[in-house]
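Data first, discussion second: the structure below is written as structure tokens.
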Amino acid sequence: MKIVFLDAATMGNVSFEPFERLGEFVRYESSTPEEALERVKDIDVLLINKVLVNKTLIDAAPNLKLICIAATGVNNIDVEYAASKGIPVRNAVGYSTDSVVQSTFMHILSLVGGAPYFDESVKSGRYSRSGMFTDPNWNWWELAGKTIGIIGLGNIGRKVASIAEAFGMKVCYYSTSGTGHCKEYPCLSLEQLLADSDIVSIHAPLNERTLNLIGSEELAMMKPTAYLINMGRGAIVVEADLAAAVDAGVIAGAGMDVFVTEPIPEDHPYLKMKHPERMRLAPHVAWASMEARERLVAIMAENVRKGW
């Protein structure tokens, strides 16, 4: 059995040994569309992360028996065409919940706690020269008593909610499907959630209901002291609108792990802001703790073991 991973570099320095035990394993750090067509000609199992698997690529692999994706979403795979050829597609579910939740609070705590400012205060020598035992010149606030509004209360959203409660926060949510199944927290309209929340945290998939869900009109509904966190997909937020709103003080700031185009272009609105200190940006890494990547490889290897 020949197993090929077309964009293994996206997994970082995780061990691929579980795949090596299953057959002839070949890894490519990255693959252009043209290179991919050549590399799948004689394979049995295709492993990918973000490579586009369309009809052309599937037809170029006459022996292909299984497609495994290093993700939960399968939007970059033509699943219907694969099914028509009798080729199952296996995804990975639940591997990154803890990783994404931790990253969510990394952004939240950095924004509300002013971590970069205080770090710079000490390292720049400003604190040493001040003559005071403290630096009171950056206002930060506690999470206790504040409201977090969660857009998308799936496995990740629920865990964010439970940790927010441990901080003493009040929790509400908006159901992007229109059906509020969770009775533990109040399910609000999007407008009410935006108006009530001190932090809005997005944990929803990208689909026709969430595309451009948060634009200038929605941002104007939020408190000027509120923060927006996006751990879902970049296109859920209208990026130019968010950059403008943060710069103008419509909201206090934002933390973004995902973007419409990845990697983001050098002329992206987030990189041209007058107030970059109000933004926290990460290169789509919330999913990628060392433990999460190890779990992901294990799940993918098990998907291959199960076969087709």
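The values are calculated or read from the model by the stated rules, or taken from the named source; none is laboratory data. Since the structure is predicted, the reported quantities are computational estimates derived from the model, not experimental observations. Quick reminder, even Gly has a Cβ in these numbers, built from the backbone with ideal geometry, and neighbours come from all protein chains shown. For the accessible areas, the whole protein counts, side chains as well, though only heavy atoms, and no ligand, DNA or RNA atoms are used. Shrake-Rupley method; radii C 1.70, N 1.55, O 1.52, S 1.80 Å.
Would you mind classifying the stretch 130-257 by shape? Square roots of the alpha carbon gyration tensor eigenvalues, ordered a ≥ b ≥ c; an a/c under 1.5 is rounded, otherwise it is prolate if a/b is larger than b/c and oblate if not. Oblate shape, in that a/c is at least 1.5 and b/c is the bigger or equal ratio. For semi-axes √(5λ) of the Cα gyration tensor in Å, several values are listed as (1) 39, 22, 18; (2) 32, 25, 16; (3) 33, 21, 20; flag the one computed from this structure. Identified label for the calculated read-out: (1). Candidate cross-link partners of Lys85 among the lysines, defined by an alpha-carbon separation under 30 Å and a same-chain spacing of 8 or more, comprise Lys2, Lys41, Lys50, Lys55, Lys65, Lys306. Peptides 261-269, 90-98 ranked from most to least packed, by the mean per-residue count of other Cβ atoms within 10 Å: 90-98, 261-269. Ranked by the mean number of other Cβ atoms within 10 Å of their residues, highest first, the peptides 224-235, 113-124, 132-143, 287-298 fall in the order 224-235, 287-298, 113-124, 132-143.
Along the axis of the charge dipole computed for the stretch 78-222 (Cβ charges of +1 for Lys and Arg, -1 for Asp and Glu, origin at the Cα centre), the listed residues Gly157, Met132, Gly215 are led at the positive end by Met132. Only Lys, Arg, Asp and Glu carry charge here, each on its Cβ (+1 for the first two, -1 for the last two); on that basis the stretch 196-239 has a dipole of about 120 debye about its Cα centre. Only protein atoms count toward the accessible area here, which uses a 1.4 Å probe; on the chain, the carbon and sulfur part of that area reaches 53 percent.
The helix-based estimate of mean residue ellipticity at 222 nm for the chain, built from -39,500 (n - 2.57) per DSSP H run of four or more residues and divided by its residue count, is -9500 deg cm²/dmol to the nearest 500. What the chain shows is 48 Å² of accessible area per residue, with the surface traced by a 1.4 Å probe over protein heavy atoms. Summary value for the stretch 231-308: 32 percent relative contact order, contacts being C-alpha pairs under 8 angstrom separated by 6+ residues.
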